[in-house]
Amino acid sequence: MIIAAGGTGGHLFPAQQLAQNFKGRVNLLFAGHKLSQSPFFEREKKPFVDIPAAPLGKNFLRVTWRGFWQARRQIAMFQPDLVVGFGSYHTFPILLAAVSLRKKIVLFEANCFPGKVTRFFAPFAKRIATQFPLGFRKETLVPLLPWRSLE
């Protein structure tokens, strides 16, 4: 399984909790923009790869194109059965590459209004895990994830 996540703790904490739930049962790889620099990502405990990404704006197409091709190479090498996306522009090139390679994707949306990445990839997702009812056709409500202590 590839877990596509990045950005804030709101995306990375539930992604890491999912990884913990599957620890020892599946081969896992995290992929996302600037994971190596995130204070919220436990990089010394999890295998990961940084994939370039950019928000909509001046550099979006150039950076996303580069990230897309890097993500395709990683997916081809890792051969996941599933790619789980946790939203934000940090995951866009990875999810785009997964869709282009016809990999199964599942999305996780923790917010009460879905973000742009979730809305864009919803038609391609096998399931969309939500913590609030959002009205997606393939939606599955998941219980609120327990937050780890930040001490």
Between the modelled labels at Arg66 and Phe22 (7 Å from Cα along Cα→Cβ) the distance in nm is 2.8
Taking Cα pairs closer than 8 Å and at least 6 residues apart, the relative contact order of the chain in percent is 21
Between Leu101 and Glu44, the two model label points (7 Å from Cα along the beta-carbon direction) sit apart by a distance in nm of 3.0
Cα-Cα longer than 25 Å, checked against Lys58/Lys104; Lys104/Lys138; Lys58/Lys116, kept in input order, equals Lys58/Lys104
For Lys45, the lysines lying under 24 Å Cα to Cα, once residues fewer than eight places off in the same chain are dropped, come out as Lys23, Lys34
Stretched fully, the stretch from Lys126 through Phe78 gains (0.36 nm per residue minus C-alpha distance, one decimal, in nm) 15.3 nm
In the list (i) 17.4; (ii) 15.9; (iii) 15.3, the entry giving Kirkwood radius over Cα pairs in Å computed from the coordinates is (iii)
Along the stretch 126-135, Karplus-curve 3J(HN,Hα) (6.51, -1.76, 1.60; θ = phi - 60°) to the nearest Hz, with x for Gly and Pro, reads 6, 9, 10, 7, 10, 9, 9, x, 10, x
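None of the figures in this text is laboratory data; all of them are computed from the coordinates on show. Owing to the predicted nature of the structure, the values given are computational and were not obtained by experimental measurement. Ideal geometry is used to build each Cβ from the backbone, glycine not excepted, and the neighbour counts take in all protein chains shown.
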